[in-house]
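The values are calculated or read from the model by the stated rules, or taken from the named source; none is laboratory data. Please read these numbers as outputs of a predicted model, since none were measured by experiment.
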Amino acid sequence: MRAFLLDTAGSVLPEGLRFFKPGWWVIHLLAVVLVFAYGHRKGRLDERRERGGSRIEPQPPKSPAPPKT
């Protein structure tokens, strides 16, 4: 009886929602985490700039090394 219940558990979802497999959840969870991390980092940098506590100046690009003769 228990095996029968587990075998039919996938058919509980309606036809339109059967694509919700573990891979779908992993990809979407990863996307949510990356968006949250990006927003958190950007917000922290903006807050620091407003307070003036840590001034992060962009570094000028390094000039290429002179050619060896």
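Of the residues 45, 13, 30, which single one is among the hydrophobic types (A, V, I, L, M, F, W, C) and at pLDDT below 80?
Exactly one of 45, 13, 30 is among the hydrophobic types (A, V, I, L, M, F, W, C) and at pLDDT below 80, namely 13.
Looking at (1) assigned to a loop (DSSP other than H, G, I, E, B); (2) at pLDDT 85 or above; (3) among the hydrophobic types (A, V, I, L, M, F, W, C), which is the one condition that is false for residue 56?
(2)
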